[in-house]
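Report on the structure given below.
We did not get these values from a lab; they are worked out from the coordinates using the rules stated. Computed from a predicted structure; not experimentally measured. Cβ sites come from the backbone with ideal geometry, for glycine too, and all protein chains shown count toward neighbours.
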Amino acid sequence: MSRPFTWALAVGLLVALLLLACLFSLSVGPSGVSLFRAARLWREGAGGTYLSIILDIRLPRVLLGFAVGGGLSLAGVVLQGVFRNPLVEPYTLGVSGGAALGVSASSILGLSRLSGAYAVPLSGFAGALCAIFFLHALSSKKGVLSVQGLLLVGVMVNFICSSIVLLIMSVSRLEDLHGILFWIIGSLGETDWFLVKLALAATVAGLVLSYFFCFDLNALSLGEEEALHLGINVERMKKMLFILTSLLTGLCVSLAGIIGFVGLVVPHFLRLIVGPDHRILLISSFLSGAIFLILSDMVARTVALPIELPVGVVTGIVGGVLFIYALMKKTRAGGV
Amino acid sequence: MLDLRRVSCGYGENIVLRDVSVSIYQGEFVGVIGPNGSGKTTLMRVATKVIRPAAGQVLLEGRDIGAMSYRELATRMAVVGPVDHDPGMRTADMVLLGRIPLRERYRILDGKTELEAAREAMNVTGLLHLRDRPVSTLSSGERQLAYVARALAQEPKLLFLDEPTSHLDIRHQVGLLDLVTKLNREKLLTVIMILHDLNLASQYCGRLLLLDKGSLASDGTPESVLTQETIERVYQTPVVVMNAPFSSRPFIQPVSREGGLKSDLY
């Protein structure tokens, strides 16, 4: 089998799975309305309520899950390529924490009243960008930080950011609290159609943009000096990709809060399945991340009925366990 | 082809190379030798724009490499560095990475040109039968050849090699250096190679650059550079220089202070 053929097969399979996950997720919810029943009633000319449950409540969730899952997973795979470290992702590096800090700071300062709907994603982007360039400065000052060193700094960045968020919470008015709490746990409850559409457009654009760097990321897997010898302007490429991943993370965090480990779990398994070539890894990570988050959200919505869990709880438990497993395996192999 | 004009460079405060001027001409096979820490690798890094010279200029075909893009450089020169990093991919894919500077970026899939160039590079290096094996499962000799194949896929005019023979047995050492010699003769590939083994350098290189504490101590044919007096001064080790059989190039035998002399036995 030739490689383009295998790649096309993998992408086709993932798209099919994604559609299935979407349909399945649209059909499950606390109200017990299934897709088939809603469709049948709609054909009979009734069931407007059912339809609106599906189109206005579940569809935005699924679309947001697609955008956020894909975006975070893409950010994860890109960061792993840039740092040449399979355990980094927006959450473990503290980029998500930075974004959450940016969002909560701007909501307290009332920036959203100044610049409208874009304020939240933009402040998330600014926070993510600060966190990532701080990490970059640390890792390039002392040469290359070791895998654990980088992760440790990332965890600390996350910790500092969430402490500042807590500080902001403790001095803020009670009515702002719920909104901030939501960013810390992570949920796909955003129902503003404009923001959902913005997330969809931006993450798909991010996927397209990331393909301008797929060869650079492949070359970088040999090491930074080797990549230079293959004609890659490594410093410039890293800066561009940091901006891209900050945009993706900032947007995802500002809409859905901190959803951890999506960018770690998904690329980790895809590397095993499709191999290390970023030409296939980028798109398949995006699609699988979307599938993973849509399904996680479905689990979160239904596992503890009638309570809806935030999706970050599910990804946090699944992803955290897998993270420890991957770290142990990597340490045992002596690769750290 | 490559000119270093009064180049000084180093890392931060620490100046490694001092005022080095040297011109390499097309088709030459140049060996760079010198004790540890004499600046051999730094010389290679400044000539390939990994680090910038603190003073002086590096010219490639008459143009300052500081003004050339990395991509432009990569279509003219290729580097085989230390092989210590497992890229986690198949041999054929690793060799294909050498096509990155030459390919059109918007074409995501490998075209015929790419696949044929990689195939040719693996054919020349005798790796075609290993193309589907992961690089991590190759022996050190095969892995070194795979890196050479990747460099050849770049279709360079100038090839740098940093101690390509250091972890290889004599069969693979000779195999690799014979291959490079053949490319040098048949394709007029200019070769600049860092070597630790003075006898291999003497055997294969047409010209040797001897570095000592960041300066060029000697530059010329193996016969003129590898003299007992020069080697003993630069390496601070007593040696005997003889003529090698067949090639009659200089052959260097370090003299042990702790035995190994036949007279001790009597």
| Theoretical FRET efficiency, 1/(1+(r/R0)^6), r = Cβ-Cβ of residue A:243 and residue A:34, R0 41 Å, to 0.05 | 0.40
| note | Relative contact order of the range B:118-266 (C-alpha contacts under 8 Å, at least 6 apart) in percent is 14 percent
| message | Among B:48, B:124, A:172, whose Cα projects farthest towards the positive end of the dipole of the protein assembly as shown, with charges put on the beta-carbon of Lys, Arg (+1) and Asp, Glu (-1)? | response | A:172
| said: Can you find, among B:34, B:115, B:16, the residue sitting farthest towards the positive end of the charge dipole of the range B:4-146, where Lys and Arg contribute +1 and Asp and Glu -1 at Cβ? | reply: B:16
| field | q = 0.15 Å⁻¹: log10 I(q)/I(0) that the Debye formula gives for the range B:42-174, counting C-alpha atoms only | value | -0.76
| query | Amide H to amide H under 5 Å from residue B:211: which residues, 5+ apart in sequence or cross-chain, H placed 1.01 Å off N in plane? | reply | B:33, B:34, B:217
| message | Among B:144, B:245, B:190, which residue has its Cα furthest toward the positive end of the charge dipole of chain B, with +1 on Lys/Arg Cβ and -1 on Asp/Glu Cβ? | response | B:190
| For the protein assembly as shown, the Rg and Dmax computed from alpha carbons only, in angstrom | 29.4, 113
| query | Quick one: Cα centre-to-centre distance for the range B:205-264 and the range B:41-67, in angstrom? | reply | 29 Å
| message | With +1 assigned to the C-beta of every Lys and Arg and -1 to the C-beta of every Asp and Glu, and no other charges, what is the dipole magnitude of the protein assembly as shown about the Cα centre in debye, to the nearest 20? | response | 760 debye
| query | If you place +1 on the Cβ of every Lys and Arg and -1 on the Cβ of every Asp and Glu, how big does the dipole about the Cα centre of chain B come out, in debye to the nearest 20? | reply | 600 debye
| task | Can you tell me the order of A:17-24, B:72-79, B:33-40 when each peptide is scored by its average per-residue count of other Cβ atoms within 10 angstrom, highest first? | result | B:72-79, B:33-40, A:17-24
| said: Once you place label points 7 Å from the Cα toward the Cβ at residue A:209 and residue B:14, how far apart are they in nm? | reply: 3.8 nm
| note | Under the Karplus relation with 6.51, -1.76 and 1.60 and θ = phi - 60°, whole-Hz ³J(HN,Hα) for the range B:167-180, x at Gly and Pro, equal 10, 9, 6, 5, 4, 6, 4, 5, x, 5, 5, 5, 4, 5
| Looking only at the range B:17-60, which residues have a backbone nitrogen under 19 Å from a spot 7 Å from the Cα of residue B:72 in the C-beta direction? | B:46-53, B:56-60
| request: Using only alpha carbon positions, build the gyration tensor of chain B, then give the equivalent ellipsoid semi-axes as the square roots of 5 times its eigenvalues, largest first, whole angstrom. | output: 33, 24, 16
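Quote to one decimal, in nm, the extra length available between residue A:302 and residue A:23 on full extension: 0.36 nm per residue of separation minus the C-alpha distance between them.
Stretched fully, the residue A:302-residue A:23 segment lengthens by 98.9 nm.
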| note | Phi-derived 3J(HN,Hα) across the range B:111-117 with the Karplus relation (6.51, -1.76, 1.60, θ = phi - 60°), rounded Hz, x for Gly and Pro, is x, 4, 4, 4, 5, 5, 5
| field | residue A:233/residue B:61 FRET efficiency (R0 25 Å; Cβ-Cβ; nearest 0.05) | value | 0.75
| Normalised by the number of residues in chain B, what is the relative contact order in percent for Cα pairs under 8 Å and 6+ residues apart? | 23 percent
| D (Stokes-Einstein, µm²/s), Kirkwood Cα radius, the range A:200-336, 1.567 mPa s at 4 °C | 78 µm²/s
| Counting DSSP beta bridges with both ends in the protein assembly as shown, the antiparallel % (nearest 5) | 60 percent
| request: Take the Cβ-Cβ distance between residue A:171 and residue A:328 as r, set R0 to 45 Å, and report the resulting FRET efficiency rounded to the nearest 0.05. | output: 0.65
| field | residue B:229 paired with residue B:106, simple spin-label distance in nm, labels 7 Å along Cα-to-beta-carbon | value | 6.5 nm
| query | Fully extended, how many nm does the chain gain between residue B:174 and residue B:54 (0.36 nm per residue separation, minus their Cα-Cα distance)? | reply | 39.5 nm
